[in-house]
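The values are calculated or read from the model by the stated rules, or taken from the named source; none is laboratory data. From a predicted model like this one, the values you see are computed outputs, not experimental measurements. Neighbour counts run over all protein chains shown; Cβ positions are idealised from the backbone, glycine included. Heads up: the accessible areas ignore ligands, DNA and RNA and are worked out on the full protein's heavy atoms, side chains in. Shrake-Rupley method; radii C 1.70, N 1.55, O 1.52, S 1.80 Å.
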Amino acid sequence: MTHHSESTEQVTLRTPAELADALPYLLGYRPEDSMVLVALHDSGGKGRFGGRARLGIPAHEEDWEEAARQLARGLVTGSERRGARPEQLVAYVCQEPGPGESGRDVERRLARLVHLLRVQCGDLDVPVIEALCISDGRYWSYCCPTEDCCPEDGTPMGLPGTSVLAAAATYAGIQVRGTLKELRVRLQPWEAAAAREQEAALDAAGAALVPRILDAAGRAEVAEETVVLAERLLHRLAAATPVAGALPADLRDDGLIGHDEAARLILGLQDRTTRDRAAAWMEGDEATPALRLWRALARRCVGPYGEHAAPALTLAGWVAWSTGDELEAREALAMAMGADPDYLFARLLHQACNEGIDVESIRRCLRADRTGKAPAAEPVKAAATTEPVTRNPVDPAPAAPAPAGEPDPAARIRRRRRLRSAVAALGEGPRAARVPGQRRPATPGPAAGRPPRAGTRHPAGTRRHAEGTEGTMP
């Protein structure tokens, strides 16, 4: 099988060891608790890598078959939509040993999941020609033709960055981003002591802004103030001294934004029109500070304000996609849908990104919105939707009123106030009375009767949930 880098160089992979080493370079990150399918296409008698798809491994075995079906169909049908149905597939399962487990135990435990993957792919007439388990720094092949070929304890993985593919990827400028956990933690809400101060600022900002937002003239004033404040923070972030490392950079940005400023922006961005104006900061010198600002605001949506993170996460995903980082784009948009599954802008952007829509067609529409000029007519299929596509290809709703599933901020605030009053009337304590009427938590909870998945904690005190799903990667 041949891997084509961004340059003209080609790297041929011949062994399971080389396939195992290739996975982080094929995805752009090191997968954890993941099942992955990679498409292969025939090119002059040689295999060529195509699309990739990943899902988190369900914690409960009864969910494995459905997850395997979803992964197989997602990759094959997505490849078909792009006009390149795969001839073969390579499957991976990646999971670190649990307490008292060894890598060999993981390989045996996941053998049934691999079998289900191969069955689902076979039902689609696309055979899996190699299936690998990667665990505890070792790999095992489930497709080895002879039992005595592979060591029972697995084969050690090579040192990261020492393979021929690693050298070619470095030469081509291809980055491996660590793990999805490390990426998502930049977007997760605080859980440190400062979270209480931010929550109090959000409460105070809501008390000051809600009466104005409920008035038509006041709502327009709040929208303008939100844009002006966001522009001021963009300039402040752009002027900051750069620091090395994601965590130090995020801490630096957090220190540049006051609690009151963040609260006013978070509430102001609940307005769809204001959010669309902010989405125009997507390229050039504005893009990097804008992405930093949206990440910082997502981290400030603490406690009962988890649902308020949807606009900031969607904007972060949009700017990441617009600047070429599809990995962060997918994760941010998926988190936005977790914060508010009814958030239409996030859903359509996520599907458009997964389906390989030309991002420039969306940028042209936002530029036209910014200048007030209509873009040239161009049919853009942003997502599978029954609603007619209007001038904005990723948001089929008109400028006003807000679309179904994306209520205007006044309606949302009224709903939250009613629920907050109801909770207070039930006498559930002072903290419960402060909950602003969330319909759902920031991330989906476990199914009834099942324990929640284990989370990890950021060095700065931020907790994040186990990995979720990811769409087909073009």
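Compute and list, largest first, the equivalent-ellipsoid semi-axes of the range 176-240 from the alpha carbon gyration tensor, each √(5λ) rounded to a whole angstrom.
Working: eigenvalues 179, 66, 28 Å².
Computed over the range 176-240, the values are 30, 18, 12 Å.
With every protein chain left in place and a probe of 1.4 Å, what is the accessible surface of residue 224, to the nearest 10 Å²?
Near enough 90 Å² of accessible area.
Assign one of three labels to the range 185-282, namely rounded, prolate or oblate, based on the Cα gyration tensor with a ≥ b ≥ c the square roots of its eigenvalues; rounded applies when a/c is under 1.5, prolate when it is not and a/b is larger than b/c, and oblate otherwise.
oblate
Roughly how many nanometres apart are two label points built 7 Å out from the Cα toward the Cβ at residue 228 and residue 358?
3.9 nm
What percentages make up the Cα-Cα pair-distance distribution of the range 270-362 when the bins are 5 Å wide from 0?
Reading upward from the zero bin: 3, 16, 28, 28, 19, 6, 1, 0.
Per-residue accessible area for residue 259 at 1.4 Å probe radius, Å² rounded to 10?
50 Å²
With every protein chain kept in the model, how would you rank 153, 250 by accessible area, 1.4 Å probe, largest at the top?
My answer, sorted largest first, is 153, 250.
Which order do peptides 181-189, 76-84 fall in by mean Cβ count within 10 Å, highest first? Don't skip to the answer; put the middle values down first.
On the way: 181-189: 21.1, 76-84: 15.6.
Per-residue mean Cβ counts within 10 Å order the peptides as 181-189, 76-84.
Once the Cβ-Cβ distance between residue 243 and residue 286 is put in as r, and R0 is 25 Å, what FRET efficiency do you end up with, to the nearest 0.05? Could the numbers behind the result be given before it?
On the way: r = 20 Å, r/R0 = 0.81.
E between residue 243 and residue 286, to the nearest 0.05, is 0.80.
Given a Förster distance of 41 Å, report the FRET efficiency between residue 105 and residue 251 from their Cβ-Cβ distance, rounded to the nearest 0.05.
With a Förster radius of 41 Å, E is 0.60.
For the range 332-341, what does the Karplus curve 6.51 cos²θ - 1.76 cosθ + 1.60, with θ = phi - 60°, yield as ³J(HN,Hα) per residue in whole Hz, taken in order and with x for Gly and Pro?
Rounded to whole hertz, the list is 5, 5, 5, 5, 5, 5, x, 5, 8, x.
In whole Hz, with x marking every Gly and Pro, tabulate ³J(HN,Hα) for the range 111-124 from phi via Karplus 6.51 cos²θ - 1.76 cosθ + 1.60, θ = phi - 60°.
4, 5, 4, 5, 4, 5, 4, 5, 5, 5, 5, x, 4, 8
So how much slack lies between residue 273 and residue 112, counting 0.36 nm per residue of separation and subtracting their Cα-Cα distance, in nm?
Contour length minus Cα-Cα distance gives 53.0 nm.
Can you give the extra length, in nm with one decimal, that the chain gains between residue 85 and residue 42 once fully stretched, where that is 0.36 nm per residue apart less the Cα-Cα distance?
The residue 85-residue 42 span can extend by a further 14.4 nm.
Got a number for the accessible area of residue 25? Probe 1.4 Å, square angstrom, nearest 10.
Rounded to the nearest 10, that gives 30 Å².
Using the Karplus curve 6.51 cos²θ - 1.76 cosθ + 1.60 with θ = phi - 60°, what ³J(HN,Hα) values do you get for each residue of the range 75-82, in whole Hz, with x for Gly and Pro?
6, 5, 5, x, 5, 4, 4, 8
Stretch residue 96-residue 220 to full length: gain in nm at 0.36 nm per residue minus the Cα-Cα span?
Using 0.36 nm per residue and subtracting the Cα-Cα distance, I get 39.4 nm.
Under the rule a/c < 1.5 gives rounded, and otherwise a/b versus b/c splits prolate from oblate, where does the range 236-302 land using the Cα gyration tensor?
Taking the square roots of the gyration eigenvalues as a ≥ b ≥ c, the range 236-302 is oblate.
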